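Shown next, in structure tokens, is the structure this report addresses.
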Amino acid sequence: MTECGSRRRYGWRLAGFLLVLVLALGAQAEPPSFKLPGRKPDSREPWDAFLGKAAHLAIGKQYLVQYPSRTVFLDPDDLSTIVGEGKLGNPKRLSKFVRLLRPDITDTSALVLFEIKPDNEEGREEGREQVGRYLAALNEAVNPDKKLKGGTGFEGSLLLEFENGGALWQLSWRTPEPGVTLYRWSYRREKPHASWKERAAQKEEALPREEAEQRGEMAEQAIRAAYEKGEWPSGFHGQVYLPVDCH
């Protein structure tokens, strides 16, 4: 019995050692994305989150630019704020379960809203479900003449050029069904001394992961600076071409 117990304990120790070894090798094979180069030392946000934040920022800001005279609410404004400040009705009609929901874009002048998602089938289905939920909640609370619907016809694109002739990124968005705005990032290879129009005419490729990992955070900061006329991020030596520049 003693020998059997010893073997059993040895087996468990060996299994534990192998598990730790596998986990350690896996961690070395692909480091956590928040430790990759091109990131702030204290940043712990996944690299693809920056691309999503940059897209939401750009698309929301562009809607404001296109419709400057309208009353528009962007995430993180919630349904309670939208109904009250948008003069749609009484926010107290909203249940406590929905009043904190936050649509990406709500235009209370045109009575439309949009939800921004990645341009794939999963994003489209999720956007459709969320638009339906937001509209149902809002239209239960607003005045009869203030009913909202999903917005249409909202599309555009912008370009980010890195290091004056380096890689060119493009953010494009479209609204293929009411309220669902889908975005995608694409990439053009380096072509020194070429104009941005020549670069944009190059073959479109999927944005490489290593590019996104290293420059995702910088892209978000550069887009914010371009729209808000703020300070450019440290280390950014390129240009942001907003939709008005791309016509």
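The values are calculated or read from the model by the stated rules, or taken from the named source; none is laboratory data. This is a predicted model, so every value here is computed, not measured. Cβ: placed from backbone, ideal geometry, glycine included. Neighbour counts: every protein chain shown. All accessible areas refer to the heavy atoms of the entire protein, side chains included, with ligands and DNA or RNA removed. Shrake-Rupley method; radii C 1.70, N 1.55, O 1.52, S 1.80 Å.
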Can you pull out every residue in region 167-206 that is open to solvent by less than 30 Å² (accessible area, probe 1.4 Å), in a loop (DSSP other than H, G, I, E, B) and of a type in the set (A, V, I, L, M, F, W, C)? ALA167, ALA194
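Quick grid of which residues meet (1) in contact with a Gly (Cβ under 7 Å, 6 or more places away or on another chain); (2) open to solvent by 10 Å² or more (accessible area, probe 1.4 Å); (3) closer than 17 Å to ASP77 by Cβ:
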| residue | (1), (2), (3) |
| --- | --- |
| LEU88 | no, no, yes |
| ARG93 | no, yes, no |
| ILE105 | yes, no, yes |
| VAL112 | yes, yes, yes |
| GLY123 | no, no, no |
| GLY127 | no, no, no |
| ARG133 | no, yes, yes |
| PHE154 | no, no, no |
Only one residue in ILE82, ILE116 is more than 11 Å from GLY179 (Cα to Cα), under 23 Å from the mean Cα position of the chain (by Cα) and outside any loop (DSSP other than H, G, I, E, B), so which one is that? ILE82
Is it the case that region 222-229 has a residue that's loosely packed, with under 12 Cβ neighbours inside 10 Å, closer than 13 Å to TRP169 by Cα and of a type outside the set (Ser, Thr, Tyr)? no
Could you run through region 52-98 and say how many residues are among the aromatic types (Phe, Trp, Tyr) and touching a strand residue (DSSP E or B) at 6+ places or on another chain (Cβ under 6 Å)? 2
